[in-house]
Amino acid sequence: MLFRIPERWMHWVRCLLTFAWLVIIASLLYDPWTPALTKLNQTSIPQQLANSCIHVQGKCFSGQSYSLGTTLMWGVIVPASIFILLVFGHELWRRICPLSFLSQIPRALGWQRQSQWQKKKAGKLPYKLAKVSPKSWLGKNYPYLQFGWLFIGLCGRILLFDADRLVLALWLLLTIALAIIVGYLYGGKTWCNYFCPMAPVEKIYSQPSGLFSSKADMSKSMCRIVLPDGKEQIACVACQNSCIDIDAERGYWESLKKPAESFVRYGYSGLVIGFFVDYYLYAGNWEYYFSGAWVRQSHQMGTLLSPGLYLFRHQINLPKIITVPIILGGFTAIAYILGRFAEKQAKAYCRRRNLTLSSDIIRHRIFTISTFGIFNFFFIFAGRPLILLAPLWIQYIYNLLLVLLSTLWFSKTLPRRPHL
């Protein structure tokens, strides 16, 4: 259904969302208005947190008013993107993503690098848009590059720009600049397919398909342009084989056996768990996270060399700049090892029971269980400091809706097979 929304309409949606995102980034640099809305009082935080001191490593946290820019980023935009991916799939996300839209600026202006296509013929040098070679280092290892960038981004969030608006703005502007540069250097959706740190997250939640994704149509690509007469034309330049923008499920099954696929999917689960657990290990309690105190740390940069762990009411004298990557990296490694172990055990069980399940089906089902679990775990925390401000009945509806939609997705995805 969403696949058939006219490109002209989606263009204006992209423009609107991109403008809103840029306004939020601008507010990170200058915002004299919203801090007045966030002054702490007895009605601005949940009652169970308002009546007690929020302890951070055994000391009361002295919160201050803060800009809403960081709150919107971490409490609304990030959770909304995950929700869209699982429920509506890549076909909506790829068409509304502001970063993807900005990466296409060079194409829209006609400023893209071209490379020589063939040997010289009849005195002419034919050229075409530059593309990433599948045999190049990037073509073979881009999943690890994207995951590594995601890992750095989550470490950076805890260490540098959870609350520091300037650093967050610079990080986002740097990412936008890199997306535009890649859009100049390579044709098509090269930024989305080979560089974007959101791409592993997109694959995990939207493949083989979202809950309400349209059926694959091999005659169309999501990369489209609108001609002067109003008709749509395919704009695919074949920047990647088995592209998610043409057939997400086909791309999923064809990449299922690749080692990078299991590393990214299992590692991502551990990375998400480690990310949220780190807040507890740093402060010594969950109130620090659920109260949203972390977004009010005006001196975040000053905590880089302070103790990064608080266990059993004692500080562990390891700098935060060291403990954060160790915790996130450790959880990532453990989740990957457990995922691979689960695959081996499942295969051994099938052999003992003489079950006719291929290794692809076994891996697919474990991937599905992993995605279902990490989606619901993510939303236990993501946006929760804002949700806790709502009336209790809204919180119940919110929780039930997430569980219902993720369960429907699970029941749709688990029985999928390549021949379907």
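In this simple spin-label approximation, residue 414 and residue 76 carry label points 7 Å from Cα along the Cα→Cβ vector, and these lie 3.6 nm apart. For residue 224, the residues whose amide H sits under 5 Å from its own are 235, ignoring neighbours fewer than 5 places away on the same chain, with H placed 1.01 Å from N. When you filter the trypsin sites (Lys or Arg not before Pro) in the stretch 277-365 for DSSP loop state and at most 10 other Cβ atoms inside 10 Å of their Cβ, you are left with 313. On full extension, the segment bounded by residue 227 and residue 214 gains 2.3 nm, given 0.36 nm per residue less the C-alpha separation. In this calculation the C-beta distance from residue 184 to residue 321 is compared with R0 = 35 Å, giving a FRET efficiency of 0.55.
Computed over the chain, the Cα gyration tensor eigenvalues convert (square root of 5λ each) into semi-axes of 37, 28, 22 Å, ordered from largest to smallest. Surface composition of the chain: carbon and sulfur make up 67 percent of the accessible area, probe 1.4 Å.
Helix-only arithmetic for the chain: the sum of -39500 (n - 2.57) across DSSP H runs with n ≥ 4, divided by the residue total, places the mean residue ellipticity at 222 nm at -17500 deg cm²/dmol.
Anisotropy class assigned to the stretch 272-420 is oblate, per the alpha carbon gyration tensor with a/c at or over the 1.5 cut-off and a/b no larger than b/c.
Between residue 238 and residue 17, the simple spin-label model (points 7 angstrom out along Cα→Cβ) gives 2.9 nm.
Residues in the stretch 199-211 carry Karplus couplings, in order, of 4, x, 5, 4, 5, 4, 8, 10, 10, x, 6, x, 4 Hz; the curve used is 6.51 cos²θ - 1.76 cosθ + 1.60 with θ = phi - 60°, and Gly or Pro positions show x.
The slack in the chain from residue 36 to residue 113, taken as 0.36 nm per residue of separation less the alpha-carbon distance, amounts to 23.0 nm.
Rounded to the nearest 20, the Cβ-based charge dipole of the chain about its Cα centre (Lys and Arg +1, Asp and Glu -1) stands at 1660 debye. Each of residue 397 and residue 314 was given a label point 7 Å from its Cα along the Cα-to-Cβ line. The distance between the two points is 4.9 nm.
Round to the nearest 0.05 the FRET efficiency obtained for residue 333 and residue 376 when R0 = 22 Å and r is the Cβ-Cβ distance.
The calculated FRET efficiency here is 0.45.
Residues 247, 229, ordered by accessible area of protein heavy atoms at a 1.4 angstrom probe radius and largest first, appear as 229, 247.
A Förster radius of 35 Å, combined with the Cβ-Cβ distance separating residue 299 from residue 386, puts the computed FRET efficiency at roughly 0.95.
The values are calculated or read from the model by the stated rules, or taken from the named source; none is laboratory data. In this text, all values refer to a predicted model and were calculated from it rather than measured experimentally. For neighbour counting, all protein chains shown are included, and Cβ atoms are generated from backbone atoms with ideal geometry for every residue, glycine included. When the accessible area is computed, the model is the full protein with side chains, heavy atoms only, and any ligands, DNA or RNA have been set aside. Shrake-Rupley method; radii C 1.70, N 1.55, O 1.52, S 1.80 Å.
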